[in-house]
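The values are calculated or read from the model by the stated rules, or taken from the named source; none is laboratory data. No experiment lies behind these values; they were computed from the predicted model shown. Because the Cβ atoms are built from the backbone with ideal geometry, glycine has one as well, and the counts that use them run over all protein chains shown. Side chains are part of the model used for accessible areas, which takes the heavy atoms of the whole protein and leaves out ligands, DNA and RNA. Shrake-Rupley method; radii C 1.70, N 1.55, O 1.52, S 1.80 Å.
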Amino acid sequence: MEKQLNTQINADNGAPIMEPQRQFYYMDLAKKLVEEQERAYGRKLTAHVETFGCQMNARDSEKLRGILDTIGYVQVDTEEADFVIYNTCTVRENANNKVYGRLGTLGNYKKKNPGMMIALCGCMMQEAHVVDRLKKDYRFVNLIFGTHNIFKFAELVVRALTEKQMVVDIWEDTTEIVEDLPVERKYSFKSGVNIMFGCNNFCSYCIVPYVRGRERSREPKDIIREIERLVADGVVEVMLLGQNVNSYGKNLEQPMTFAELLREVEKIEGLERIRFMTSHPKDLSDELIEVMAQSKKICKHMHLPLQSGSSRILKKMNRHYDKEQYLALVEKLRTAIPDIAITTDIIVGFPGETKEDFLETLDVVRKVRYDSAFTFIYSKRSGTPAAEMEDQVPEAEVKENFDLLLKEVQRIAAEKAKELEGAVLPVLVEQVNEHDSTLVTGRLSNNSVVHFLPKGDTSLIGKIVDVKLTECKGFYYLGEMTDELVRK
Ligand code: SAH
Ligand code: SF4
Ligand code: F3S
């Protein structure tokens, strides 16, 4: 039976050319192969997908899980499974190192279960030196693919299940966007939605444009249809995803701005909350601010990566804004939407960063007063322009500045959070509290976490309820919900 399937596959007999039909054809084939193995083992086969990267990476993992589900694998929460997939990230060196470290452990699992399949995909696989190293030192890996051909997962699984040697399929870039493949969501009530892929900005420190390819926007009708289906399936909150959502739609046949897309998404009945990420300050339009100010559904939260507060460094980073422009933008946002939460990303130790440059960053942090900030130590990524720059900052100085920044960011964030103590605000209930099952955990519109007594049962999950923020605990709140405060 397996032989017969093999010949069919090799000859590509009957496989449709068109997508996504072609992938559904391969899902059927893979299902038969999995069933065969199940009969041999006398049990179901298990699979585990591990995400190493950002929200886009996490969304890709949901697509992989959707396909694995269709093929018949049972998802498990352990890496001792019949099929383990690492969806990798390479934005900083430590993301990269983590994968090599954990692959060793996977290799040991495979010795115990020789039928085990191991696949690697995601951003790290788009780097030639990574694939070379894997081919040389990690021969036990069955399948390697990249970011551009993830839609072909079912087809690649069939190859990996039927070919004896390591299957490697990496594309340089793509213009293709394949719609309507299965997805398995982590949460029933909220979901990420890709609105665009890739990035054209080439910030000088960043590897993303090299591993995710050129910017491509999805057609608005496809985005709307996906969200309508999600809402019909119980979703009340969507996170629109792109590396720079503010440049959405520029390259569509019929161009459309991000603000126009938001207006369309807002109209979807039953959808309650809209988030998006990430906004590049250089492309944030007045039109977007206006739409946000008027909207009832767009969350009062803007993630606006600063990267550096020094205009000199920003120029070397190729960010296309300076300190003053950034501060003016924040001012404009706050004037139009007074209760907006602003969060950011900051890099410490970019090549050539002096103490004065760093103090400029600290100055912006103090002026803007971020609700929270992700702080990163600069990581040299080979192939990017910054990797070629001289005067890399000594490690001790970077560490000192980083610690100083982190302290300041945390101090301000705690002060900001305190301002909301006592307020009654809508919370989307997300889960039963992990440490105390009498509490549930949810998020405010500004993305802050609240733990509160449900005075009821877990049927609240996925609902938006009003909660009194009784106590601010620094980064999160404790709250109370009374029966009268239930909104729906
Ligand atoms: N597209 C998004 C961010 C993608 S990467 C944007 O432009 O904001 C997420 C964050 O990782 C970046 O905002 C940046 O702060 C950080 N980052 C990217 N490359 C890095 C590097 N080489 N070293 C340290 N941090 C980096
Ligand atoms: Fe990287 Fe800049 Fe693109 Fe963000 S906008 S993904 S930081 S190149
Ligand atoms: Fe990492 Fe790729 Fe996201 S490099 S941050 S997983 S786009």
query: If each of K32 and A128 carries a label point 7 Å out from its Cα toward its Cβ, how far apart are those two points in nm?
result: 3.9
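Mind checking the range 195-232 for trypsin sites (Lys or Arg not before Pro) that DSSP puts in a loop (not H, G, I, E or B) and that have at most 13 other Cβ atoms within 10 Å? If you can, show how the numbers build up before the last one.
Values: sites: R212, R214, R216, R218, K221, R225, R229; in loops: R214, R218.
Within the range 195-232, the qualifying trypsin sites (Lys or Arg not before Pro) (loop, at most 13 other Cβ atoms within 10 Å) are R214.
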statement: So the angle from the long Cα axis of helix 55-71 to the longest Cα principal axis of the chain, reported in degrees to the nearest 10, equals 30
message: With angles folded into 0 to 90 degrees, how steeply does helix 395-418 sit against the dominant principal axis of the chain? Use alpha carbons for both and round to 10.
response: 70
message: Test of understanding: what is the full-extension gain from S295 to T470, defined as 0.36 nm times their sequence separation minus their Cα-Cα distance?
response: 60.2 nm
statement: Candidate cut points under trypsin sites (Lys or Arg not before Pro) in the range 61-152, DSSP loop plus at most 11 other Cβ atoms within 10 Å of their own Cβ, are R139
field: Given charges at Cβ of Lys, Arg, Asp, Glu: the range 108-212 dipole, positive-most of N201, I118, V131
entry: I118
- request: Mind putting together the pair-distance distribution for the chain? All Cα pairs, 10 Å bins, whole percent per bin, short to long.
  value: 4, 17, 26, 27, 18, 7, 1, 0
field: Assigned charges on the beta-carbon of Lys, Arg, Asp, Glu; the range 284-350 dipole about Cα centre (debye)
entry: 200
- prompt: How far apart, in nm, are two points set 7 Å out from the Cα along the Cα-to-Cβ line at E219 and at D286?
  reply: 3.4
task: Evaluate the charge dipole of the range 391-481 about its Cα centre and quote only its size in Debye, nearest 20, assuming +1 on the Cβ of each Lys and Arg and -1 on the Cβ of each Asp and Glu.
output: 440
Isotropically averaged projected area of the range 370-488, using the convex hull of Cα atoms (one quarter of hull area), nm²: 10.2
- request: Compute the distance in nm between two label points, each set 7 Å from the Cα along the Cα-to-Cβ direction, one at D363 and one at D436.
  value: 4.4
- prompt: Any idea what angle helix 355-368 forms with the longest principal axis of the chain, computed on alpha-carbon atoms, 0 to 90 degrees, nearest 10?
  reply: 80
query: Lone cysteines in the chain, going by a 4.7 Å Cβ-Cβ cut-off?
result: C54, C89, C121, C123, C199, C299, C472
1.4 Å probe accessible area per residue over the chain, in Å²: 45
- prompt: Given DSSP loops and a limit of at most 16 other Cβ atoms within 10 Å, what is the longest stretch of the chain that contains no such GluC sites (Glu not before Pro)?
  reply: 270-389
query: Which entries of K190/K463; K250/K316; K367/K418; K63/K152; K323/K367 show an alpha-carbon separation above 20 angstrom in the structure shown?
result: K250/K316
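Mind ranking H129, H301 by accessible surface for me, highest first, 1.4 Å probe?
Ranked from most to least accessible, the order is H129, H301.
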- prompt: Which percent of the accessible heavy-atom area of the chain goes to carbon and sulfur, probe 1.4 angstrom?
  reply: 51
- prompt: Roughly how many Å is it from the Cα centre of the range 179-237 to that of the range 258-335, as a whole number?
  reply: 18
task: Please get the size of the charge dipole for the range 79-119, origin at its Cα centre, with Cβ charges of +1 on Lys and Arg and -1 on Asp and Glu, quoted in debye to the nearest 20.
output: 120
